[in-house]
Every structure is written in structure tokens, then in C-alpha cells.
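The values are calculated or read from the model by the stated rules, or taken from the named source; none is laboratory data. This is a predicted model, so every value here is computed, not measured. Neighbour counts run over all protein chains shown; Cβ positions are idealised from the backbone, glycine included.
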């Protein structure tokens, strides 16, 4: 009986390895096709030429910290992928028997935004990883963050932080209050839900989630977070 169990386990292991190799191969092919069709430098130039493209030094510090805290708090410490986040996501996905968590870094999300679809399929995730490595090899972290923020969708037709700040708060991005900046940081996760024009109550709940992450990762203190919540507009 023991020998049978060992044989079954070996067969399962071989199948998993074979599936993994096939997945990596198809994902790499998808990555190659994408970057050969339009080189990364052309994609970046296209983004930077967008109307209302927003430079990083125009954005409030608290806004940038809020985005990093809620999207990828190890952003400045990884090379494109976050092994810890991926492991956690795989565990949660297996537990739920569904794609409930992606574990994507800001760099991976940028790769997805400019090259791939939003569909949750495994080969696309693999292609996204290869693209993330290429992005990290060619651009500095601040450049990647700036490009990511300018390829995020904020709802209501707003495609850059500058557009969203003007549209939602009637202010230049640099003039946002802490309250507004943190709320803005939470919108791209689900614009149809968290945009303040859609459901202000849910927008505030998301804002609270962002603040909690900022406190957890020590970007601000609990007292500072409480003060921002009370600030309103």
C-alpha cells in the first residue's frame, strides 16, 4: 500500500511539474508576442504623451504613500514581484477554490495595464511577471510608480491623477487635502464602487481601509489617521 501511495504521489508531482513548465512556456510566449508587437519604450512614450499626464513631483507625498501602502508596501524593496504576497495569494486562492487574491505588485499591475487584459488567467499572470522584470530592468522605481498612476483608471472617465483630482474635488492634484488624497488613492481598486460620485459611503469605507494600511506599515500614526478622517473636505 505504501508503494502505491508513493507512486501516486510521484505521478501527481510529475503532472504538476509538466503543467508548470507548459504554463511558463505559454506565458513567456505571450510576453514575447506583446513586447515584439510594441516595444516597451514606445508604450512608455505613449503614456507620457497623454493629456493631463501627472508627474510624480506634482502629487502630494501622502497620496504616493497611500498608494504604496494599499497596493504594494514592499514596492521599493522587490525586483518586480513580491514572493511573500504571491505565496499568500496562492494559499488564499486554493482555500477559496477561486481567484480571490492576485498578489500583484505595482510593477505587475503596470504591465497588465499597458500590455494585457484584466482577465484572471494563469498564462497572463506568467506573462505579466516576465514583463514586470523587463520594466524593472529598464526603469527606476519612481518612474514605474509614476507610469502606474498614469495608467490607472479612476472612474467617471478619469485616466490620470490630475484628471481625477480635478473631476472629483475641483482641485489641482498638488492642492488636495490629506483627506482627499487618501480617498483618491483608494478609488482605482474598484472605480465603479469607490468613486465618491458613485457611493460616498463606500468611498469613505475604502478611504478608511487605506488609512489602516498606512498605519499598519508605519507611514502615519493612528492619531494622524484619525485626524485625517475627521478632516472631511
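Descriptive notes on the structure:
- Verdict on residue 142 being assigned by TED's automatic domain parsing to the domain that holds residue 27 and either in contact with a strand residue (DSSP E or B) (Cβ under 9 Å, 6 or more places away or on another chain) or under 21 Å from residue 49 (Cβ atoms) (or both): yes
- Residue in segment 195-204 that is over 25 Å from residue 157 (Cβ atoms), surrounded by 13 or more Cβ atoms within 10 Å (Cβ to Cβ) and either touching a residue at least 24 places away in the same chain (Cβ under 8 Å) or touching a helix residue (DSSP H, G or I) at 6+ places or on another chain (Cβ under 7 Å) (or both) present: no
- All conditions but one from (1) surrounded by fewer than 22 Cβ atoms within 10 Å (Cβ to Cβ); (2) without any contact (Cβ under 8 Å) to a residue 40 or more places away in the chain; (3) touching a helix residue (DSSP H, G or I) at 6+ places or on another chain (Cβ under 8 Å) apply to residue 179; the one that does not is (2).
- The numbered conditions (1) under 20 Å from the mean Cα position of the chain (by Cα); (2) modelled with pLDDT under 95 are all true for residue 199 except (1).
- Filtered by the rule that a residue be under 15 Å from the mean Cα position of the chain (by Cα) and not in a helix (DSSP H, G or I), segment 111-150 gives 116, 117, 118, 119, 120, 150.
- Residue ID - modelled with the lowest pLDDT, chosen from residues in segment 75-93 that are exposed (fewer than 14 other Cβ atoms within 10 Å of the Cβ) and in contact with a helix residue (DSSP H, G or I) (Cβ under 9 Å, 6 or more places away or on another chain): 79
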